[in-house]
1. Using a 1.4 Å probe on the protein chains only, how many percent of the accessible area of segment A:1-125 belongs to carbon and sulfur?
2. Chains A and B: buried accessible surface, both sides, probe 1.4 Å, rounded to 100 Å²?
3. Which of the lysines could a cross-linker bridge to B:Lys379, judged by Cα under 19 Å and excluding same-chain residues fewer than eight apart?
4. Just to verify a number: FRET efficiency for A:Leu149 and B:Lys181, C-beta to C-beta distance, R0 = 25 Å, to 0.05?
5. For chain A, take the longest principal axis of its alpha carbons; what is the angle in degrees between that and the long axis of helix A:184-199, to the nearest 10 within 0 to 90?
6. Can you classify segment B:302-412 as rounded, prolate or oblate using the Cα gyration tensor, where a ≥ b ≥ c are the square roots of its eigenvalues, rounded means a/c under 1.5, and otherwise it's prolate if a/b beats b/c and oblate if not?
7. Pairs A:Lys62/B:Lys240; B:Lys118/B:Lys288; B:Lys54/B:Lys263; B:Lys240/B:Lys263; B:Lys143/B:Lys288; B:Lys30/B:Lys118: which are spaced more than 31 Å apart, C-alpha to C-alpha?
8. List the chymotrypsin sites (Phe, Trp or Tyr not before Pro) in segment B:371-412 that DSSP assigns to loop (not H, G, I, E or B) and whose Cβ has at most 15 other Cβ atoms within 10 Å. Which are they?
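The values are calculated or read from the model by the stated rules, or taken from the named source; none is laboratory data. No experiment lies behind these values; they were computed from the predicted model shown. Cβ placement follows ideal geometry from the backbone for every residue including glycine, while neighbour counts extend to all protein chains displayed. These area figures cover heavy atoms from the full protein model, side chains too; ligands, DNA and RNA do not enter into them. Shrake-Rupley method; radii C 1.70, N 1.55, O 1.52, S 1.80 Å.
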Amino acid sequence: MELGNIKDTFDRVAKKQKLSSSKSQEVIDQVGREIENALAKLQGDPASPVDQKAILVELQTKLSIIGSQSQLEGSQKELNINLSKYTKLLEKSFNPDISKAYRNVDFDFHTVNQIIASHFYRQGLFDIGECLTNESGEPEDTALKSHFLEMFQILEAMKARDLEPALNWVSNNREKLKQNGSNLELKLHRLQFVEILQKGGRADALNYARTYLAPFASLHMDEIQKLMACLLWAGRLDSSPYSELMVPSLWEKLAEELTRQFCSLLGQSYESPLSVAIAAGIEGLPTLLKLANVMAAKKQEWQAMKQLPVPVDLGREFQFHSIFVCPVSRDQGSEENPPMLMPCGHVLCKQSIMKLSKSSTRTFKCPYCPAESSVGQCMQLYF
Amino acid sequence: MEMESLPNGNSAAAVAAAAAAAAAVAPSSKLNQLAESLKLEHQFLRVPFEHFKKSIRANHRIVEKEMSAVISGVADAANADFSRDEAVHHLNSLVSRLQGLKRKLEEGSRTEHLQAQKCRARLDHLESADADNLSDWNNMRLKRILVDYMLRMSYYDTALKLVESSNLQDLVDVEVFHEAKRVIDALQNKEVAPALAWCAENKSRLKKSKSKFEFQLRLQEFIELVRAENNLRAITYARKYLAPWGSTHMKELQRVMATLAFKSNTECTTYKVLFEPKQWDYLVDQFKQEFCRLYGMTLEPLLNIYLQAGLSALKTPYCYQDDCTKEDPLSQDSFRKLALPLPYSKQHHSKLVCYITKELMDTENPPMVLPNGYVYSTKALEEMARKNNGQITCPRTGFVCNSSALVKAYIS
């Protein structure tokens with residue numbers, strides 16, 4: 001799809017439209033002038049007589065000449081041709097009907113409304129979320145909303161270089177953060193330490209370190225040592241070997257990490273699930289539309305199916321689960337039909353192995369290598 | 001600085017690492033996907049263009065009507081026997097008519113210009129998408145999709161707030177939906193006038209698509225007259241407005257005409273249904289279909305279309321299990337509910353995700369099997385062994401072994 005070509009075609013349309021418009025104005029002006037002329041003749045000298053009929057007939061003739069000479073119709077026709085050309089170009093370059101893959105199933109709009117409201121809370125658009133809850137009349141998810149409100153308040157404070165709310169939150173959730181393997185608290189204190197060093201000076205920074213950094217000494221000795229060395233460059237840290245601690249992007253990275261931990265502790269995903277689902281839809285829809293077209297041509301039933309007949313390839317970021325597909329039977333692994341590891345290292349699903357071994361009576365050869373094995377030598381795998 | 005990441009399957013740190021790995025995917029495939037996804041934006045370009053065409057047609061009609069009125073006005077004057085004063089008076093009225101036309105045309109021209117600009121702005125917006133601003137552009141797209149949903153659901157305040165907060169004015173079609181709302185509200189109030197006016201505005205295009213919507217509106221008005229027992233008026237109405245449709249829709253015409261013989265509370269099933277208020281809902285649905293077809297819009301909200309596609313593509317039996325990772329949208333009840341009637345996704349090849357790192361286990365990072373059958377990626381197990389003197393602890397079962405006991409699995 002050549003956007004440049006489409007833009008050029010539209011420019012032609014706009015040009016023709018301007019042309020047609022100016023032609024109309026031209027004709028109107030011409031007609032107007034002739035009528036004015038006739039008026040002037042009629043009104044000219046109040047004393048001398050006039051033949052109004054002759055003047056009117058002359059006017060009529062003049063107007064019909066203008067009518068036949070005007071290229072008004074021609075320019076309008078050209079405009080219409082270009083308009084339909086552009087429409088056809090759009091239909092050719094884009095998919096004119098993306099609803100062909102839509103299934104007429106019960107898509108409860110109440111659920112959708114609630115999903116959208118939660119999405120707005122996640123994005124920090126609280127007033128828009130509230131407005132939606134009001135207009136749609138859905139019940140408000142106050143718990144979720146207040147959690148994200150808290151998170152955004154912390155983040156807003158961080159944007160203003162105020163780490164207090166963030167530090168409060170991490171100390172309240174110390175245990176859970178430790179379980180998650182996060183050292184967010186140390187990072188925040190480090191940032192605060194550097195801030196104090198730049199603004200307050202050595203004494204304040206040293207006090208801060210004694211209070212807040214000391215507890216981390218046992219686990220993160222080299223990091224603490226680095227920070228202590230920074231005291232030597234108080235006020236001019238940017239010329240020290242530790243200038244990377246001054247970088248503004250540190251704040252953004254820390255804000256992102258805080259968001260991740262906050263969401264994780266909440267049992268929520270980092271990305272808004274609506275964003276993820278829509279992104280997956282945008283990636284997968286072209287394949288589904290092609291499929292719907294092919295099935296419609298073959299008169300196959302699109303609406304009711306338990307499983308899509310073709311794979312829809314999505315990016316890696318959408319792979320949330322391990323899916324094992326047996327290379328022999330193309331069946332997907334499940335509880336009843338789990339993947340089994342053969343001694344040679346190849347993996348087949350249980351049913352395939354049963355078939356090859358004639359229901360576990362005989363040894364069989366792996367389809368991929370000359371190795372032989374028996375059912376007893378196969379081990380169930382857990383991904 | 002070193003991260004003490006414990007091997008916890010749901011660790012936020014692991015997810016971050018996996019996301020980073022995914023983001024490092026070759027940019028060309030992302031651009032390909034972007035190009036493919038742009039092809040889905042037909043409605044985005046078509047709607048303002050249809051609006052533009054409509055203005056052009058309306059302005060053409062005004063010009064035609066006024067010009068022919070003026071010209072025939074002159075012809076009348078030439079044929080009649082006017083006195084001098086009468087002639088002057090007549091010509092003056094024609095002049096002011098022309099002036100009125102000029103003014104209307106100038107205003108029409110301004111409208112057309114704005115609409116053309118809108119069309120161009122949309123083309124520019126599509127062109128502006130590239131590798132650098134991809135996530136912002138996608139974010140805008142999501143917002144556009146949400147605005148489309150709100151407008152269709154009549155949540156106008158929310159739509160406007162979203163439009164203003166993100167400067168989407170040129171990229172959404174608020175006026176188009178308002179136009180539809182006027183007609184729909186009237187129909188829901190059992191008034192056909194705005195709907196009939198709409199049909200008149202779009203007469204030629206409705207005729208081209210062989211639409212019988214106007215006929216159905218007229219039928220409903222007829223039935224309302226019969227319901228009010230204004231039978232004589234009903235018949236006059238039918239003569240004027242229903243008869244022209246007789247050649248193409250005789251059967252339906254006859255069926256509705258027969259209601260004259262019944263009272264509105266008749267129990268006769270064939271005719272009872274015609275008197276039901278549900279018929280008005282049917283008209284609203286018909287209007288929505290005609291309207292969307294004319295403007296090149298989908299009948300369903302864009303949100304539903306994309307959401308269904310996404311849910312189906314993501315849906316696996318594992319999503320409905322209790323230990324489904326929170327990063328999967330289908331771990332949420334609301335999404336699970338929506339996805340229930342949709343088909344599962346299908347895979348032709350194995351795609352395995354390491355429980356610890358959430359990264360793909362492929363030929364570069366092959367799966368390794370512990371003696372208890374649990375599988376993790378090479379990278380995760382190498383890291384674990386490095387930190388624990390070669391000792392491997394299965395994070396899910398607690399099973400302990402040495403890294404020498406690991407076996408490589410070959411998954412195609």
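1. Working: 3250 of 6420 Å².
Carbon and sulfur together cover 51 percent of it.
2. 12400
3. Here the lysines satisfying the reach criterion relative to B:Lys379 are B:Lys351, B:Lys358, B:Lys387, B:Lys408.
4. 0.15
5. Roughly 70 degrees, rounded to the nearest 10.
6. Prolate.
7. A:Lys62/B:Lys240; B:Lys54/B:Lys263
8. Values: sites: B:Tyr374, B:Tyr376, B:Phe399, B:Tyr410; in loops: B:Phe399.
Those that pass, being in a loop and sparsely packed, are B:Phe399.
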